[in-house]
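A.B. asks: Pasting in a structure now, in C-alpha cells, and then I'll have a few things to ask.
The values are calculated or read from the model by the stated rules, or taken from the named source; none is laboratory data. Since the structure is predicted, the reported quantities are computational estimates derived from the model, not experimental observations. All Cβ positions, even for glycine, are placed from backbone atoms using ideal geometry, and neighbour counts span all protein chains on display. For accessibility, only protein heavy atoms count, side chains too; no ligands or nucleic acids. Shrake-Rupley method; radii C 1.70, N 1.55, O 1.52, S 1.80 Å.
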Amino acid sequence: MLENLFIRNLYDLSHTAAAEYLEQYTYPWEALAGIGAFICKLGETLPPEEYEKRGEDVWIAKSATVFPSAYIHGPAIIGPETEVRQGAFIRGNALVGAHCVVGNSTELKNVILFDNVQVPHYNYVGDSILGYKSHMGAGSITSNVKSDKTLVTVRVGDERLETGRKKFGAMLGDCVEVGCNSVLNPGTVIGRHTNVYPLSMVRGFVPANSIYKRAGEIAEKVE
C-alpha cells in the first residue's frame with residue numbers, strides 16, 4: 001500500500017526540470033526541505049539565451065508571460081510558455097514548469113509545479129508538489145500547517161506515516177483534478193488521474209483513478 005505514495009508511482013519525472021533532484025527520494029515530501037537550494041543550483045545552469053535572470057535568484061524563461069503586477073521572490077524559476085497572471089504572489093522556493101498557469105491572486109511557497117499545471121484562480125499552494133497536468137479549481141487551497149502545530153502524518157488506511165515535517169501541504173499525482181473551493185488538509189496525497197469533488201475537505205491518501213466525493217465515499221473510476 002505504501003508503494004502508492006512513492007514518487008515513481010505518483011509522477012512522470014520526464015515532465016519536470018526537478019527529475020534528477022526528485023529521483024534521490026522515496027516519498028515526495030522528503031524533497032520539500034531542499035527545494036530552494038536546488039533551484040539556486042539549477043538556475044545557474046540555465047541557458048541565458050532561453051532564460052533571463054531578474055533580481056536575486058529569479059530566473060524567468062523568455063517565452064513566459066509575467067504580468068507587471070505579479071510578485072516573484074527568489075529562489076524561483078518560471079518555465080517556458082508559462083503565464084503568471086496579475087496579482088500572483090510567488091513567495092520563493094518555487095519551481096514552476098513549462099506551459100503552466102499561475103493565476104490572479106494565487107500564492108505559491110516552497111513548491112514544485114510540473115509542466116502543464118494550472119493553479120489559475122485564487123489558489124494557495126504551499127509546501128506541495130503538483131504533478132503533470134494537475135489542476136486546482138478556483139478557490140481550492142493546500143492547508144500546510146496543522147491547527148495544533150504538531151508534525152504532519154500521512155494517513156493510509158489505518159496506518160499513519162510519520163513525515164517529520166511541521167509544514168506539508170499536498171502531493172498531487174499527475175492529471176489530478178481538484179474541484180473549486182476544496183481544502184487539501186496537511187499531509188494529503190492524491191494518486192494519478194483522480195478527481196476531487198468541489199467543496200471537498202480532503203485528508204490522507206486518496207488512491208489513483210478515483211473520484212473523491214466526501215470523506216468515506218471514494219469511488220473507483222470506470223472507463
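A.B. asks: Any residue in segment 36-63 that is at positive phi sitting within a Cβ distance under 8 Å of a residue that is of a type outside the set (S, T, N, Q) and surrounded by 18 or more Cβ atoms within 10 Å (Cβ to Cβ)? List the pairs, counting only those 6 or more apart or interchain.
C.D. replies: If the second residue must be of a type outside the set (S, T, N, Q) and surrounded by 18 or more Cβ atoms within 10 Å (Cβ to Cβ), the pairs left are 55/72; 55/74; 57/39; 57/43; 57/74; 57/75; 57/76.
A.B. asks: Could you list all residues from segment 104-150 that are at negative phi and basic (Lys, Arg)? Break it down stepwise before answering.
C.D. replies: If we filter segment 104-150 for residues that are at negative phi, which is where we start, we get 104, 106-109, 111-115, 117-121, 123-126, 128-132, 134-138, 140-148, 150.
The answer is 109, 146.
Let's see how each residue does on (1) surrounded by 19 or more Cβ atoms within 10 Å (Cβ to Cβ); (2) under 20 Å from residue 18 (Cα atoms); (3) not hydrophobic (A, V, I, L, M, F, W, C):
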| site | (1), (2), (3) |
| --- | --- |
| 74 | yes, yes, yes |
| 80 | no, yes, yes |
| 88 | yes, no, no |
| 97 | yes, yes, yes |
| 106 | yes, no, yes |
| 113 | yes, yes, no |
| 123 | yes, no, yes |
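A.B. asks: Within the bounds of segment 174-186, is there any residue that is without any contact (Cβ under 8 Å) to a residue 60 or more places away in the chain, within 18 Å of residue 32 (Cβ to Cβ) and touching a Phe, Trp or Tyr at 6+ places or on another chain (Cβ under 9 Å)?
C.D. replies: Checking segment 174-186: at least one residue is without any contact (Cβ under 8 Å) to a residue 60 or more places away in the chain, within 18 Å of residue 32 (Cβ to Cβ) and touching a Phe, Trp or Tyr at 6+ places or on another chain (Cβ under 9 Å).
A.B. asks: Among the residues of segment 26-50, what is the count of those that are open to solvent by less than 80 Å² (accessible area, probe 1.4 Å), more than 17 Å from residue 113 (Cβ to Cβ) and of a type outside the set (Asp, Glu)?
C.D. replies: 5
A.B. asks: Moving on to the next point. Tell me which of these residue 160 doesn't satisfy, since it passes every other one: (1) touching a strand residue (DSSP E or B) at 6+ places or on another chain (Cβ under 9 Å); (2) more than 22 Å from residue 1 (Cα to Cα); (3) of a type in the set (Lys, Arg).
C.D. replies: (2)
A.B. asks: Same structure, new question: Could you list, in sequence order, the residues of segment 5-25 that are surrounded by fewer than 16 Cβ atoms within 10 Å (Cβ to Cβ), closer than 21 Å to residue 188 by Cα and of a type outside the set (Phe, Trp, Tyr)?
C.D. replies: 8, 9, 23
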